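The values are calculated or read from the model by the stated rules, or taken from the named source; none is laboratory data. Small disclaimer: the values here were computed from a predicted structure and weren't measured. Here the Cβ positions follow ideal geometry from the backbone for every residue, glycine too, while neighbour counts run over all protein chains shown. Side chains included, ligands, DNA and RNA excluded: accessible areas come from the protein's heavy atoms. Shrake-Rupley method; radii C 1.70, N 1.55, O 1.52, S 1.80 Å.
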Amino acid sequence: MAGENPMSEVLQVDIWSDVVCPWCAIGHAQFKQAVADLKGTVDVDVVFLPFELNPDMPPEGRDQAELLARAYGKSAEEVTEMQRHVEAAAEAAGFDMGWTGEGDAPPRHVWNTHGAHKLLRWALETSGAQAQGELKQALFAAHFQARRNISDRAVLLDLVAAQGLDPAAAARALDDPGLSQAIRRDQELAAQNNIRSVPTFVVNGKFILQGSAEPESYKQALIKLATMEALA
């Protein structure tokens, strides 16, 4: 039939990522562009799964530059150059990490993301994948562009309300120990499957694409995998 998708298999893509991971934000922007370009040729359903880069991060967070310097043994000048490289890559990917607030930009911080992951799982379970994806993008923007404290309960509930979700239900979700247990189970599953860096894209539960890539690379991979699945 004219206009029918020749690759009728819908690819399920599970994206393991953290909302304070710059390469996760960059990879997501590049992947979204690839999916948009393939619309009508390869159909993709996306779900975000949790990966906490710093699960023991205290509520007050840490200065990003200090954290990077300690983690990689870099000087302040080298860390600044690393940050510039990341920001240039983000701009090229269509996700400008420039400061969007008023006045001088505050130093970049890294926050505990457990509550954010609880709300992402809650959004998926109660409102579906599209709502989860929109909340994920809002969290990326809040952290990288507005430099908001995304470990703060009030900030999280404000972001939820801005996405048209129920803040009262979200507050109950933040207090739900069952969601914390689910997050930990998901992360144990990631470890069992040797997912130790993010972003990691798992297609149909068996094909793995790791790291950020140019949209064209994602497109080629998705076309190849859709063809393989259609012929299986």
For this session: May I ask you to compute the full-extension gain from ALA171 to ALA146, defined as 0.36 nm times their residue separation minus their alpha-carbon distance, rounded to one decimal in nm?
Result: 6.8 nm
Seminar exercise, completed: Interchain or sequence-distant (5+) residues whose placed amide H lies within less than 5 Å of the amide H of VAL13 are ASP45, VAL46, VAL47, ASN204
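Once R0 is set to 30 Å, what does the formula 1/(1 + (r/R0)^6) return for the Cβ-Cβ distance between MET82 and ASP56, expressed as a FRET efficiency to the nearest 0.05? Intermediate values should be presented prior to the final figure.
Values: r = 23 Å, r/R0 = 0.75.
Given R0 = 30 Å and the Cβ-Cβ separation, E is 0.85.
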Problem set entry | Reachable aspartates and glutamates, given that their alpha-carbon falls under 12 Å from the alpha-carbon of LYS219 and they are not under 8 places away in the same chain | ASP37, ASP43
Seminar exercise, completed: In whole Hz, the Karplus estimates of ³J(HN,Hα) for the stretch 177-190 (6.51, -1.76, 1.60; θ = phi - 60°; x where Gly or Pro) are x, x, 5, 4, 5, 5, 4, 5, 5, 4, 6, 5, 4, 4
Exercise. Given ILE208, SER197, LEU174, which one lies farthest toward the positive end of the charge dipole of the stretch 169-208, if we put +1 on the Cβ of every Lys and Arg and -1 on the Cβ of every Asp and Glu?
Worked result: ILE208
Exercise. What Kirkwood hydrodynamic radius, in Å, does the stretch 152-222 give when the mean of 1/r is taken over all pairs of distinct Cα atoms and then inverted?
Worked result: 15.0
Problem set entry | Nearest 10 degrees, 0 to 90: helix 215-231 Cα axis against the chain principal axis | 40
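Over the stretch 103-201, with the other protein chains present, what is the accessible area per residue in square angstrom, probe 1.4 angstrom?
Working: 4420 Å² over 99 residues.
Roughly 45 Å² per residue, with all protein chains present.
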Seminar exercise, completed: Percent of all Cα-Cα pairs per 10 Å bin for the stretch 75-232, counting from 0 up to the last occupied bin, reads 9, 29, 35, 23, 4, 0
For this session: Between ASP37 and ASP186, with labels modelled 7 Å along Cα→Cβ, what's the label distance in nm to one decimal, could you check?
Result: 2.8
Exercise. With axes computed from alpha carbons, what is the tilt in degrees of helix 153-162 against the longest principal axis of the chain, rounded to the nearest 10 within 0 to 90?
Worked result: 40
Exercise. Using Cα atoms only, what is the angle between the long axis of helix 76-93 and the major principal axis of the chain, expressed in degrees (0 to 90) to the nearest 10?
Worked result: 40
